[in-house]
Structures are given as C-alpha cells and as structure tokens.
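What follows is a single structure, written as structure tokens, with notes after it.
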Amino acid sequence: MTNRVWIKQPLACFDGTEQIVTNGIVVEAGKIIEVLAPHQSPSSPCDTIFDARQHVVLPGLINTHHHFYQTLTRAWGPVVNQPLFPWLKTLYPVWAKLTPKALRLGSEVALAELLLSGCTTTSDHHYLFPNGMEDAIDIQVSAVNHLGMRATLSRGSMSLGEKSGGLPPEQTVQAAEVILQDSLRLIDRYHDAGDGAMINIALAPCSPFSVTPEIMQESAKMAKEKNVRLHTHLAETLDEETFCLERFGLRTVDYLESVGWLNHRTWLAHGIHFNDEEIARLGKEGVAISHCPVSNMRLASGICRTKELSDAGAIISLGVDGSASNDASNMMYEARQALYLQRLRYGTQTITPEVVLGWATRGGAKTLGRGDIGEIKVGKQADFALFTLEDIRFSGSHDPLAALLLCGAERADRVMVAGNWRVVNGEIVNMDLHALLNQHRTAAKKLVNL
Ligand SMILES: [Zn+2]
C-alpha cells in the first residue's frame with residue numbers, strides 16, 4: 001500500500017539553494033516525487049494532505065560535527081572559562097568514566113535536541129573507548145534508530161597518550177590494532193552505502209595531538225578500500241598548529257597530506273587556521289569543512305575562513321560540535337550564530353540567510369558524501385523541517401525565510417524523516433522526553449561526581 005502525502009501550499013520553501021514558490025511537495029515511499037509549480041496539483045490523488053500554509057519548509061537540516069556524550073558535561077564549572085587544550089585536559093578524566101548507559105542517555109538527548117531543531121541527519125564523532133565501552137558505536141546506532149533519524153557515525157580513536165607526548169590520559173587511548181579491527185567490524189556490520197541509508201560509518205582519528213600518524217595512514221587506506229568517509233579535527237587552535245610543528249615539523253595541512261588525507265573523502269571539523277596556500281590546496285581536492293561557530297566562539301578558537309575556502313572549491317557545512325563546548329545541540333541556533341559570526345568577517349551582502357541555510361542542508365549532504373538528502377528536489381529523500389512563525393519572536397516579521405534566522409527559530413513544529421513524521425506539534429513522536437531528561441540529569445551528575 002502506498003501512502004502519497006501532499007505538503008500543500010507552504011508559506012515559504014527553501015530548496016537547499018534558494019527560496020522557491022511552490023504549491024507543495026508530494027511524497028511517496030519516503031521520497032519526493034513532485035515539487036509542484038504554483039497552482040499545479042499533484043499528478044495523481046494523495047492519501048493525505050498536510051496544510052502547510054502556516055509553515056516555512058526547509059530540507060531536513062544536517063549536522064556534520066558532534067560528540068553526543070558531551071551532553072553529560074554541559075556548562076561544567078571547571079571548564080567554563082578555558083580554551084581548548086586546558087579544557088580538554090580537565091575533561092578527559094571525567095569522560096574516561098563514561099559508561100554504556102550514560103552514553104545511551106547522552107546520545108538520545110543529543111539526538112532529540114537536534115531533531116526538535118529540525119535536524120534529520122547528523123554525524124557523531126565518538127573517540128572514547130575506555131574499558132567496558134567497546135560497544136560505544138553499536139549503542140549509538142541503536143539510539144539513532146530509536147529516534148528514526150539518519151546518521152553518519154564516525155568511529156573515532158585516540159592512540160597517542162600522555163606518556164608518548166600526546167594530550168589524552170593513558171586510560172583513554174587504544175592500541176592501533178584494536179582500533180583498526182573495530183573500525184572494520186563496524187563498517188561491515190552497519191555501513192549502508194545505498195540511497196536513503198539511515199546509517200553510515202566513517203573513520204575518525206580524533207586529532208593530530210591524540211593519534212599517531214600510523215593510525216591516520218591506516219584509517220585512510222581502510223576508508224579507500226571500503227569507500228567510507230574520513231573525519232578529524234584540524235586547524236582548530238594555534239596550540240594545535242604549534243604541536244604539529246614541534247612534533248612532526250609540519251603545519252596542519254602538510255601533516256594531513258603526509259598521512260594520505262588530502263582528498264575528497266575527508267571532512268574536517270573547524271578548519272580555522274589555514275593560510276592562503278593551504279586553502280587553495282584544500283579547495284582543489286574538494287575537502288569539506290564543518291564550521292562550528294558556537295564552539296569556536298566559546299573556546300575563542302578563531303573564525304573559519306568560509307568564503308575563501310568555498311571560493312577555492314572546499315565544501316562548507318555546519319556542526320554544533322560537542323555539547324561541552326557549545327553547549328546546545330540546536331541546528332537553527334547554530335545557523336543563526338554562523339550568520340552573525342561570518343557577517344563580522346565578510347559583511348552583510350556575502351553572508352545571507354540562504355547561504356547559511358545552504359551550509360546547513362546541501363553543504364551538509366555533500367560533506368557526508370550523500371547525494372540523496374539536503375535538497376527539496378524530485379528523487380531526493382523526504383526529509384523536511386517545518387517551522388511556524390507563531391511565537392512572539394516572529395510577531396511583526398515579513399520575510400518568512402529570513403525570519404527563521406533573524407528572529408531566531410529554534411524549534412521545529414514538524415519534522416519528517418524518510419517520509420515519516422518524527423516531530424508533530426513540536427513534540428517527538430513516541431518519546432517520553434520528560435523521563436529521558438530525568439535519567440540523563442542523574443547520569444550527568446553521577447559522571448562528574450564519580
Ligand atoms: Zn569536536
């Protein structure tokens with residue numbers, strides 16, 4: 001039995017590139033089958049008609065950098081005023097006590113918060129596998145399935161402990177062999193390369209200061225062999241640049257190239273401290289950058305050079321980053337912050353709401369190597385975020401699309417993933433959020449007090 005849905009006459013619609021005028025979108029079997037011209041009706045009768053006259057419709061938002069477990073250490077006193085390296089060194093011993101149950105709760109909260117903000121596809125970068133946490137990614141797969149979202153789950157890793165000159169404590173690092181075997185297991189078990197995939201796996205050694213070059217090289221080889229994507233943190237702070245110069249005698253992009261990562265398969269979190277020549281090289285290879293404005297502002301890391309990167313051919317997308325440095329998992333909030341931070345660098349004419357929403361949708365899809373999401377076009381997956389403009393913050397606004405960012409939309413009224421409504425009237429379908437938050441708060445307290 002097919003169920004054909006007409007999302008009829010939206011108040012406004014953004015297709016991933018620009019605002020379009022449409023009489024609606026027709027969805028069948030999880031895909032967009034028609035994007036109607038004004039006054040055009042569906043070519044065949046629909047089973048359900050959703051009146052969208054009060055809704056601004058966007059492609060489902062795509063988050064390209066996160067650490068779900070960090071929702072357990074939001075706004076933690078000891079790191080509120082620290083920059084990246086001391087922030088990390090203070091948090092590592094807390095994170096090392098992570099349990100499977102706490103990770104499950106942390107992941108569900110992060111996913112729920114993202115979904116409520118209009119996010120339909122997210123990535124996560126999980127690199128903590130202390131004893132007892134061997135199934136971390138399996139737990140995350142289950143949490144993503146539970147929420148009915150799509151995700152690229154990155155099998156992260158740390159292999160360069162303090163004793164060997166790295167930043168993380170010894171109990172948080174793993175042997176190269178263990179990392180690579182588990183990476184292979186996860187790709188074989190969960191990675192779906194097909195159209196409409198709900199789960200993708202990527203390989204993600206954490207950062208230059210927490211993994212060995214060997215893990216970078218071996219991960220790149222495996223990613224090529226298995227045709228999966230590569231992810232890491234790069235050029236986030238000047239401390240990291242100094243670390244690379246001292247330890248490898250290379251700047252960050254030279255290091256990236258030396259380990260076989262300077263290619264289209266790679267997406268980098270942050271990507272702030274690049275010089276012109278490095279930007280040209282990243283652009284030429286089609287590397288993608290996950291811009292994380294709130295984290296970058298909170299840790300005072302710097303401002304990503306999005307325009308130069310984009311002009312050079314790099315792909316730009318948005319990431320909320322881990323909740324210990326944001327501390328929200330809200331894609332609309334992130335997009336608004338991106339608009340304002342990037343305007344400070346490039347001005348009002350260059351950084352428009354359409355540009356930023358493009359990063360949050362089409363750019364996110366390209367970053368994750370997906371051609372089936374991020375746009376409202378025939379043949380794409382039926383992933384949408386619908387916002388109403390009824391809240392006090394929108395009263396008196398005129399341009400509905402601009403209003404989403406300028407007035408600060410933060411919660412979607414409706415969200416559809418793969419043709420299924422996952423958020424209805426601002427609430428997640430089939431989820432007791434109140435109970436989840438109670439358990440999550442308890443787990444968060446326990447983690448920092450252990
Ligand atoms: Zn991060």
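Annotations for the structure displayed:
- Among His233, His191, His291, a tally of other beta-carbon atoms within 10 Å of each Cβ gives an order, fewest to most, of His191, His233, His291.
- Theoretical FRET efficiency, 1/(1+(r/R0)^6), r = Cβ-Cβ of Arg189 and Gln349, R0 45 Å, to 0.05: 0.40
- Taking the C-alpha atoms only, the angle from helix 213-226 to the longest principal axis of the chain is near 40 degrees.
- Difference of contour (0.36 nm per residue) and Cα-Cα distance, His264 to Leu436: 58.1 nm
- Comparing mean-square fluctuations of Gly249, Gly286, Gly30 from a GNM of the chain with C-alpha springs under 10 Å, the top value falls on Gly249.
- Charges were assigned to the Cβ only: +1 to each Lys and Arg, -1 to each Asp and Glu. The resulting dipole of the chain about its Cα centre is roughly 440 debye.
- Length gained when the stretch Val178-Asn420 is fully extended (0.36 nm per residue, less Cα-Cα span): 83.3 nm
- When the Gaussian network model of the chain links Cα atoms closer than 10 Å, the mean-square fluctuations of Cys13, Cys46, Cys244 top out at Cys46.
- Taking the inverse of the mean reciprocal distance over all distinct Cα pairs, the Kirkwood hydrodynamic radius of the stretch 63-204 comes to 15.7 Å.
- Chain lengthening between Glu277 and Asp47 when straightened (0.36 nm per residue, less Cα-Cα): 77.3 nm
- With R₀ fixed at 45 Å, the C-beta to C-beta distance from Glu246 to Asp311 puts the FRET efficiency at about 0.90.
- Note that the stretch 160-217, at 10 °C in a medium of 1.306 mPa s, gets a Stokes-Einstein diffusion coefficient of 124 µm²/s from its Kirkwood radius over C-alpha pairs.
- Counting other Cβ atoms within 10 Å as a rough exposure proxy, the listed residues Val355, Val259 run Val355, Val259 from fewest neighbours to most.
- Estimated distance in nm for a label pair at Lys226 and Val21, the labels positioned 7 Å out from Cα along Cα-to-Cβ: 5.0
- In summary, the convex hull built on the alpha carbon positions of the stretch 97-170 has an orientation-averaged projected area of 5.2 nm².
- Proximal charge balance of Glu285 [Cβ under 13 Å; K/R count +1, D/E count -1]: +1
- Computed from phi, the 3J(HN,Hα) profile of the stretch 151-168 under the Karplus parametrisation 6.51, -1.76, 1.60 (θ = phi - 60°) reads 8, 9, 8, 9, 6, x, 7, 9, 9, 10, x, 3, 4, 9, x, x, 9, x Hz, with x in place of Gly and Pro.
- Max-minus-min Cα coordinates of the stretch 176-278 on each principal axis give 39, 29, 18 Å, with the largest extent listed first.
- Inter-site label distance for His398 and Glu170 at 7 Å from Cα along Cβ, in nm: 6.7
- Beta bridges from DSSP with both residues in the chain: antiparallel share about 40 percent, rounded to the nearest 5.
- Among Asp321, Asp432, Asp383, the largest mean-square fluctuation in a Gaussian network model of the chain (Cα springs under 10 Å) belongs to Asp432.
- The distance separating the Cα centre of the stretch 95-116 from that of the stretch 328-394 comes to 24 Å.
- Order of Thr17, Thr64 under a 10 Å beta carbon neighbour criterion, fewest first: Thr17, Thr64
- Cα centroid separation - the stretch 244-296 against the stretch 174-214, whole Å: 19
- Estimated D of the chain in µm² per second, where Rh is the Kirkwood radius over Cα pairs and Stokes-Einstein applies at 10 °C, 1.306 mPa s: 72
FYI, it's all coordinate maths here, none of it is from the lab. Only a predicted model underlies this, so the values are computations on that prediction, with no experimental measurement involved. Positions of Cβ are backbone-derived with ideal geometry, glycine not excepted, and every protein chain shown enters the neighbour counts.
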